[in-house]
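Asker: Got a structure for you, written out below as structure tokens; questions coming shortly.
The values are calculated or read from the model by the stated rules, or taken from the named source; none is laboratory data. All of these numbers come straight from a predicted model, not from anything done at the bench. With ideal geometry, Cβ positions are generated from the backbone for all residues, glycine too; neighbour counts draw on all protein chains shown. Ligands, DNA and RNA are excluded from the accessible area calculation, which covers all protein heavy atoms including side chains. Shrake-Rupley method; radii C 1.70, N 1.55, O 1.52, S 1.80 Å.
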Amino acid sequence: MLSLFNIYKKFLIAVLVFGFVFAMPKVFALDEISEQEVMDAPLEEVNSYNNSTAYINDIEILGANIIKPEFILKKLTLKKGDLYDKDLMQQDLKTIYKLGYFTERMKAIPVKNENGTISLKIILEENIPVTDFTIEGNTVVETEELMRYLIPLKGKPQNIAAINSAMEKINECYYSKGYILSKIDTIYDDPDGTLNLSITEGKINKIMITGNEKTKEYVIERNIMTEPDTVYNENIIKQDLVRLYSTQAFKDVNRTIEVSEDDPDKFDITIELKEQRTASVSVGGGLDSATGAFGSVGISDNNFRGKNQRVSLTGLVGSGILMSDSSIKDHMNYQAELSFFEPHFLNADNSLMSKLYFRDLGSYHIPLAIERRIGFESTLAHRLKINQKLATTLTAGIEQIHLSEGDPTRINNLYSSHGISISERANQLSDGLFFKLAPGLSYDSRDSVVNPRNGALFSARYEENFGLDGFEKTNGRLIGMAKKYIPVAKKSSLTFTGRGGLKVHGSEMPEIMAFRLGGPYTVRGYRVNGVGTGTSFIMGSAELATPIPFVDRLKVNFLQNLRMTFWVDAGKVFNPTISSTLYDRPIHAITAGVGLKLNIPGMGPLSIDYGFPLTNPGPNGSDHGYFTFGVGDMMY
């Protein structure tokens, strides 16, 4: 019995052991499974372990040769120490795939350790690495510049997302330079990992012009710098449209782009124009500190003979200078001018302005004298190619100046009361025939001609006046001006202006050519010449211009250009003339005031200002200041 019991006991133990062994879950050991077998196995087979009570002891990334495993581990939701979850593992595999560096052949293998934890093995296969690049079709952007966006891809597995990002940057590079029709036509890779790009830059097949009836086509074409068979550039075409619009021959300028029927890789550009009426007759009048109450008549054509030439004939009759001291003779003001402007003189970089004029008025410079001027003047302007904001000018002209006595009795009394010999009067009335030659330089970076808010304006010129009826009257003057515009808020601007003039030579320079300060164009708040006249001067201004509250919201073009101004002017003349002595002018002045300014294209600002002297205004001035009225910009 004992032996049978022992045999039965041993058999039972054997059965239990055999059952326990076959009941154990299968444990994967990577050293027993080849990588190829894992890659060939179905995903559910190698990823079938899902014990929610098993923790992840470690995670190992296999097959990542170029991309660092640390980079991949940071992207995973499952971390070391987490409970293993099959669904989360599936999401992590999708996340790895979306990185773009790996093929879809990836596996995750959970391996149970003896302590009941999981060792997670993730098997990956990298894409072919990028070894080199070729770029074809680029002509306007250098290959070296485009390579900057591709080089970061080199040596890394091909990544669709990264490649697309590089392509977008290349497109943005083209667009930022104005080449908006360019595109990457094709992209493909070679078996050796070379990435090949082909670019279509968007060449122009032909340029067509429509809408011009009066304007000659060659006049339009010379304003268009864009040419057929070049790569289309939006920045250049915009400049072309601005040039056409600024000719004042058109009320609307536009362009359309269409794919060429001759070549689908090229484009046809159409410049669409709407001409405006350019000939006009004007009759007007107004009030100006320099001419008094005046009436004017004019006839002009801004597109003369359809050649974009400008011709105008104007005449003006005024009552004489207003708000001046007794130094200016009360005399009617007569002016007439015939002007001609050629915007394209010999080539596109040159323009020519010529004018013939007649003026008869009470002299601004010489007290109680009648001044008559007859002259002809031409100015050749040349825009420099090195900087389109820079231009040189050369002015040549001949002028006959005639001065006559206006009030001998008052002049005698003035000279006598100041103890000056009346013989000096002949020097004051020095006039003659002069030939002027004046080279100059200008710089203009203003954002607008009508109401500039940003940029700068600078000009300098040297004037040599040759006395043709007396060489001793020959003299030279240097004149300069600089303005800086600073934007304030949304529509306002602050302007700083500096001006100066200097007699370079000419001991017998006629007083008629002296510089003067005071009035609407120099130091406001003083009468014309109220500060003084001299052989040199310097002055500065600060002005805040702002739209009138609520008025600028009215949809009236006239009011859109209206500005309220707050300003300070300061100036001083040097080597004062006899006139300054006769009228005890202060020679220097500082003023502050307010005003209204209306900018009119082609004419400049119309202004009315009221200024208060902050310094001694002199015996002929007023402590309470003056109104001044001006047409056009300040002198000098």
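Asker: Starting from the Cα gyration tensor of the chain, multiply each eigenvalue by 5, take the square root, and state the resulting semi-axes largest first in whole Å.
Answerer: Calculated on Cα positions only, the semi-axes equal 88, 31, 21 Å.
Asker: So how much slack lies between Thr314 and Thr143, counting 0.36 nm per residue of separation and subtracting their Cα-Cα distance, in nm?
Answerer: Gain on stretching Thr314 to Thr143: 55.7 nm.
Asker: May I pose another question? In what sequence, largest accessible area first, do Asp229, Asp569 appear using a 1.4 Å probe?
Answerer: Output order, biggest surface exposure first: Asp229, Asp569.
Asker: Now for a different question. Using only DSSP helix segments of four residues or longer, with each worth -39500 (n - 2.57), what per-residue ellipticity at 222 nm results for the chain after dividing by its residue count and rounding to 500?
Answerer: For the chain, the value works out to -5500 deg cm²/dmol.
Asker: Right, here's the next one. Mind checking the per residue accessible area of region 74-116 for me, 1.4 Å probe, whole number of Å²?
Answerer: Result: 58 Å² per residue.
Asker: Using +1 at the Cβ of each Lys and Arg and -1 at the Cβ of each Asp and Glu in region 99-209, identify which of Ile184, Leu99, Asn205 lies farthest towards the dipole's positive end.
Answerer: Leu99
Asker: Thr77 to Glu168: FRET efficiency via 1/(1 + (r/R0)^6), r the Cβ-Cβ distance, R0 35 Å, to the nearest 0.05?
Answerer: It comes to 0.75.
Asker: Rolling a 1.4 angstrom probe over the protein heavy atoms, how many square angstrom per residue are accessible across region 441-504?
Answerer: Per residue, region 441-504 has an accessible area of 50 Å².
Asker: If you count only protein heavy atoms and use a 1.4 Å probe, how large is the accessible surface of Met539, to the nearest 10 Å²?
Answerer: Per-residue accessible area (Met539): approximately 10 Å².
Asker: Work out the FRET efficiency for Glu221 and Ile486 from their Cβ-Cβ distance, taking R0 = 35 Å, and round it to the nearest 0.05.
Answerer: For Glu221 and Ile486, the calculated efficiency is 0.35.
Asker: Determine the sum of side-chain charges near Thr392: Lys and Arg each +1, Asp and Glu each -1, restricted to other residues whose C-beta is under 14 angstrom from that of Thr392.
Answerer: Net local charge, Thr392 excluded: +2.
Asker: Counting only the heavy atoms of the protein chains, how much of Val631 is accessible to a 1.4 Å probe, in Å² to the nearest 10?
Answerer: We get 60 Å² for Val631.
Asker: Kindly state, as a whole number, the per residue volume in cubic angstrom of the convex hull around the alpha carbon atoms of region 430-554.
Answerer: Per-residue hull volume (Cα only) is 132 Å³.
Asker: Okay, moving on. Among the listed pairs Lys355/Lys389; Lys214/Lys597; Lys68/Lys183; Lys75/Lys169; Lys156/Lys203, which have their C-alpha atoms separated by more than 27 angstrom in this model?
Answerer: Lys214/Lys597; Lys68/Lys183; Lys156/Lys203
Asker: To the nearest 20 debye, what is the magnitude of the charge dipole of the chain about its Cα centre, counting +1 on the Cβ of each Lys and Arg and -1 on the Cβ of each Asp and Glu?
Answerer: So the magnitude is around 2140 debye.
Asker: Ordering Asp132, Asp190 from largest to smallest accessible area (1.4 angstrom probe), what's the sequence?
Answerer: Accessible-area ranking of Asp132, Asp190, largest first: Asp132, Asp190.
Asker: Heavy atoms of the protein only, probe of 1.4 Å, neighbouring chains included. What is the accessible area of Lys389 in Å², nearest 10?
Answerer: Ignoring ligands and nucleic acids, Lys389 comes out at about 100 Å².
Asker: Beyond 24 Å between alpha-carbons counts as too far, so tell me which of Lys483/Lys572; Lys238/Lys385; Lys107/Lys154; Lys79/Lys121; Lys74/Lys94 fall in that bin.
Answerer: Lys107/Lys154
Asker: At a threshold of 8 angstrom on Cα-Cα distance, excluding pairs fewer than six apart, so keeping six or more, what relative contact order does the chain reach in percent?
Answerer: That works out to 6 percent.
Asker: For the chain, build the charge dipole from Cβ charges (+1 Lys, Arg; -1 Asp, Glu) around the Cα centre, then report which of Tyr174, Ser354, Leu403 sits farthest towards its positive end.
Answerer: Value computed over the given set: Leu403.
Asker: Continuing with this model, one more query. Report the extension gain between Leu384 and Ala396 in nm, rounded to one decimal, defined as 0.36 nm multiplied by the number of residues separating them, less their alpha carbon distance.
Answerer: Result: 2.3 nm gained on full extension.
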